[in-house]
1. It is to be established whether one or more residues within the range 69-82 are open to solvent by less than 10 Å² (accessible area, probe 1.4 Å) and modelled with pLDDT of 95 or more.
2. Residues to consider are 19, 42; find the one that is closer than 25 Å to residue 124 by Cβ and without any contact (Cβ under 8 Å) to a residue 24 or more places away in the chain.
3. Within the range 232-251, does at least one residue satisfy the condition of being within 16 Å of the ligand (Cβ to nearest atom) and outside any helix (DSSP H, G or I)?
4. Going through the range 87-103 one residue at a time, which ones are within 16 Å of the ligand (Cβ to nearest atom) and touching a helix residue (DSSP H, G or I) at 6+ places or on another chain (Cβ under 7 Å)?
5. Name the residue that is farthest from the ligand (Cβ to nearest atom), counting only residues in the range 118-171 that are touching a strand residue (DSSP E or B) at 6+ places or on another chain (Cβ under 8 Å) and basic (Lys, Arg).
6. Could you run through the range 145-193 and say how many residues are hydroxyl-bearing (Ser, Thr, Tyr), within 21 Å of residue 37 (Cα to Cα) and in contact (Cβ under 8 Å) with a residue 40 or more places away in the chain?
7. With among the charged types (D, E, K, R) and under 13 Å from the mean Cα position of the chain (by Cα) as the only criterion, which of 200, 149, 160 stands out?
8. Only one of these conditions is not met by residue 247: (1) on the phi < 0 side of the Ramachandran plot; (2) open to solvent by 60 Å² or more (accessible area, probe 1.4 Å). Which number is it?
Amino acid sequence: MRRLVFLLLCIAAIAAAQEQDFSKVQIKVTKVSGNIYMLEGEGGNIAASVGEDGIVIVDDQYAPLADKIAAALKGIGVTDKPVRFVINTHYHGDHTGGNLPFATAGSTVIAQDNVRKRMETGGKAGNGGSVAMDVKPAAKGALPIITFDHDVTVHLNGEDIRALHFPAGHTDGDAIVFFPKANVVHMGDDYVRYGYPFIDVTAGGSVQGMIAACEKVVAVLPADVKVIPGHGQLSNLDEIREYNTMLKETSAAVQAAIKAGKTVDQMKKDKILAAWDKKYSGKFITSDLFIETLYNSLTNQKNAEFLKHN
Ligand SMILES: [Zn+2]
């Protein structure tokens, strides 16, 4: 049931979170390493650096959970200081919904340039096919007030917390956030554990960019780094490798079908992702929806342009 609720929220998150009932949600806090914690409630996972300088969080779930999140952070018992900075990994509402209450309480919200643009204008989210949702413009007070193009570093709690932009992955405004001293990384939704990933092709995402992001992380981080996925339980590099292999193999299967002249409907009928479905086909992104995602991603020239940049 919890899983179903989560999956429904994934969809609702992007459209409209206001109608959800968050009253029963509890925030679970897990110590990850050093002074880095992971918070789970509903929506994307939160990373928190909690120390003598105050608190920095990565993503903030939904507005109605802000008080519970703040209470959970205080409950860690390390500091009474406030959340000084919020870093958003991308624009989706299940990761940025708490921006307004946190900013109102005095936090400074930081994100990649495209996160602010997409939150400001609103628009459409989707896989370029059957998944299509309207995104309302965010309130002015919810917008990131510091934005960056390539990367930004927040120097607090003895840590150089670095948010690095990976273009055209889950969206066109993704940041992966590194905590080098504690040896932790928050992947945003470039790495999730609910099955086939949602890739927001409509908002400039692509499977090629998601693969590039995963490969870079696996190549540069220490083998024992602790990995906070966008959704799902704490993870590690081996599990990112496995996920990335799935992304590459399923992309190759769709690419081969495109080359053979198959239409998307034929690919679905032929169940060309059957070998991966048992492990990855989910209630949110089914095998058919992932075929659409990969097809639209692999045939979208705009994404190829984005990729040249990194
Ligand atoms: Zn997302």
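The values are calculated or read from the model by the stated rules, or taken from the named source; none is laboratory data. What you are looking at is a predicted structure, and each value in this text was computed from that prediction instead of being measured. Cβ placement follows ideal geometry from the backbone for every residue including glycine, while neighbour counts extend to all protein chains displayed. The accessibility values were calculated without ligands, DNA or RNA, using every heavy atom of the protein model including side chains. Shrake-Rupley method; radii C 1.70, N 1.55, O 1.52, S 1.80 Å.
1. Yes - at least one qualifying residue is present in the range 69-82.
2. 19
3. Yes, because at least one residue in the range 232-251 is within 16 Å of the ligand (Cβ to nearest atom) and outside any helix (DSSP H, G or I).
4. 88, 89, 90, 91, 92, 93, 94, 96, 97, 98, 99
5. Within the range 118-171, the match that is farthest from the ligand (Cβ to nearest atom) is 162.
6. Qualifying residue count for the region: 1.
7. Answer to the selection: 200.
8. Among (1) on the phi < 0 side of the Ramachandran plot; (2) open to solvent by 60 Å² or more (accessible area, probe 1.4 Å), the lone unmet condition for residue 247 is (2).
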